[in-house]
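Let me begin by presenting the structure, written as structure tokens, before commenting on it.
The values are calculated or read from the model by the stated rules, or taken from the named source; none is laboratory data. Just so you know, these numbers come straight off a predicted model, no measurement behind them. Quick reminder, even Gly has a Cβ in these numbers, built from the backbone with ideal geometry, and neighbours come from all protein chains shown.
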Ligand SMILES: Cc1cc2nc3c(=O)[nH]c(=O)nc-3n(C[C@H](O)[C@H](O)[C@H](O)COP(=O)(O)O)c2cc1C
């Protein structure tokens, strides 16, 4: 049963290397709107999308995120980040920050997934990013980063999705059909 939505869901994977090619404005706008089209509890629509293409700003965030984990003594994670040259956003040309109000982190996850599936369907790579959240919650840095990204008052970091043209090879993770039970 050929179906392009199902194809995109099974083709999606987390991409951790991107080409330098920009994503055009129309596509970026479309991807941002897919987040807003996501369902939300009580239709509260608690997600705001902040689009960042400024590589210097992303680099500054990566340094702050790395500094946070160094400060916390998370050596295994710090080593893993170092092996990735501290590229927490993987040089993706565009990142969508999902700011949420009312602790609506489930809604942020659903909105993020809309972006990733839409990106896959358009032939783009993407990755959902939870790690950047630390600089928006650490009392030492939260106010600075929320202001820097223009979070509306009362909004917190939900997730980010980085996207662009894929520069690595890989395949979607295996799924385990044994995790499905039929009890009816
Ligand atoms: C909520 C959430 C947060 C994630 N945060 C990160 C992250 O900060 N950095 C990262 O490299 N991958 C992150 N990932 C990607 C996962 O590592 C990835 O989805 C998982 O390894 C499965 O691989 P796949 O996406 O290719 O199927 C995140 C995924 C989710 C769903």
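General remarks:
Every residue, every condition in (1) within 15 Å of the ligand (Cβ to nearest atom); (2) in a strand (DSSP E or B); (3) under 17 Å from residue 18 (Cβ atoms), yes or no:
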{"position": "88", "(1), (2), (3)": "yes, no, yes"}
{"position": "95", "(1), (2), (3)": "yes, yes, yes"}
{"position": "106", "(1), (2), (3)": "yes, no, no"}
{"position": "111", "(1), (2), (3)": "yes, no, no"}
{"position": "144", "(1), (2), (3)": "no, no, no"}
{"position": "147", "(1), (2), (3)": "no, no, no"}
{"position": "163", "(1), (2), (3)": "yes, yes, yes"}
{"position": "171", "(1), (2), (3)": "yes, no, no"}
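- Considering the stretch 149-161, the residues that are part of a loop (DSSP other than H, G, I, E, B) and in contact (Cβ under 8 Å) with a residue 24 or more places away in the chain include one that is farthest from residue 62 (Cα to Cα), namely 154.
- In the stretch 11-31, residue nearest to residue 95 (Cα to Cα) [restricted to those that are within 11 Å of the ligand (Cβ to nearest atom) and outside any loop (DSSP other than H, G, I, E, B)]: 14
- Residue in the stretch 72-105 that is surrounded by the fewest Cβ atoms within 10 Å (Cβ to Cβ), counting only those that are under 17 Å from residue 137 (Cβ atoms) and touching a helix residue (DSSP H, G or I) at 6+ places or on another chain (Cβ under 8 Å): 77
- Scope the stretch 51-71; condition crowded, with 18+ Cβ neighbours inside 10 Å and in contact with a strand residue (DSSP E or B) (Cβ under 8 Å, 6 or more places away or on another chain); matching residues: 52, 58
- Qualifying residue in the stretch 11-25 (condition: touching a helix residue (DSSP H, G or I) at 6+ places or on another chain (Cβ under 7 Å), surrounded by 11 or more Cβ atoms within 10 Å (Cβ to Cβ) and more than 22 Å from residue 141 (Cα to Cα)): yes
- Whenever a residue of the stretch 61-88 is farther than 23 Å from residue 147 by Cβ, its partners that are in a loop (DSSP other than H, G, I, E, B) and within 13 Å of the ligand (Cβ to nearest atom), lying with C-beta atoms within less than 8 angstrom and at least six residues away or across chains, give the pairs 81/88; 84/16; 84/90.
- In the set (1) modelled with pLDDT under 95; (2) within 16 Å of the chain's Cα centre (by Cα), residue 52 fails one condition alone, (1).
- The set of residues in the stretch 114-137 being over 21 Å from residue 22 (Cα atoms) and assigned to a helix (DSSP H, G or I) consists of 131, 132, 133, 134, 135, 136, 137.
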